[in-house]
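Every number here is computed from the coordinates shown, using simple stated rules; none is lab data. Since the structure is predicted, the reported quantities are computational estimates derived from the model, not experimental observations. Please note: Cβ atoms are built from the backbone with ideal geometry, for glycine as well, and neighbour counts cover all protein chains shown.
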Amino acid sequence: MRAPTLLRSLPLALAIAASLPVLAQTGTPAPTPVEQPRLPAGEAKVIERITHEDAGSRIDEVRIGGQTRSIDVQPKNGAPAYEIAPQNGAELPSEGQGGSSGRSRWRLLSF
């Protein structure tokens, strides 16, 4: 009569043995939020992406904090795209003053 009792309690013993590793696990602590460095109110910079498009070309402009940082021009007639470097101190001083319209730079390779 011992064998039938042992066979009946075997599934219960296996279930308990299988659940022990689960009970031994500790919960992972919640991740602590990473604080972003805060800029003073006067230094908050807004990034604007402006796109102008007409029948002849598409112009993408990026402004950071109200200053134009890059202007990309894509002609629609099949000509290669080019970039206009704005005259706002972003370029080297040795390049000289070429007026208020900026300086054109051709893109040779783009991926």
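So, in nm, how far is label Ile50 from label Leu12 when the simple model puts each one 7 Å beyond its Cα toward the Cβ?
Distance between the two pseudo-spin positions: 7.9 nm.
Tell me the net charge near Thr51. Cut-off is 13 Å between Cβ atoms, Thr51 excluded, with +1 for each Lys or Arg and -1 for each Asp or Glu. Don't skip to the end; give the middle numbers.
Numbers: positive: Arg49, Arg58, Arg63; negative: Glu48, Glu53, Asp54, Asp60, Glu61, Asp72.
Charge balance near Thr51 sits at -3.
Over the stretch 45-87, what relative contact order in percent results from Cα pairs under 8 Å that are six or more residues apart? The partial results should precede the final answer.
Working: 82 pairs, mean separation 12.8, N = 43.
Normalised by residue count, the contact order of the stretch 45-87 is 30 percent.
Would you mind checking which residues have amide H under 5 Å from Ser57's amide H? H placed 1.01 Å from N; only 5 or more apart, or other chain.
Lys76
Take peptides 14-20, 55-61 and line them up by average Cβ neighbours within 10 Å, highest first, as a rough protection proxy.
Listed from highest to lowest mean packing, they are 55-61, 14-20.
Given points 7 Å out from each Cα along the Cα-Cβ axis, report the Ala79 to Leu20 separation in nanometres with one decimal.
According to this spin-label approximation, the distance is 8.0 nm.
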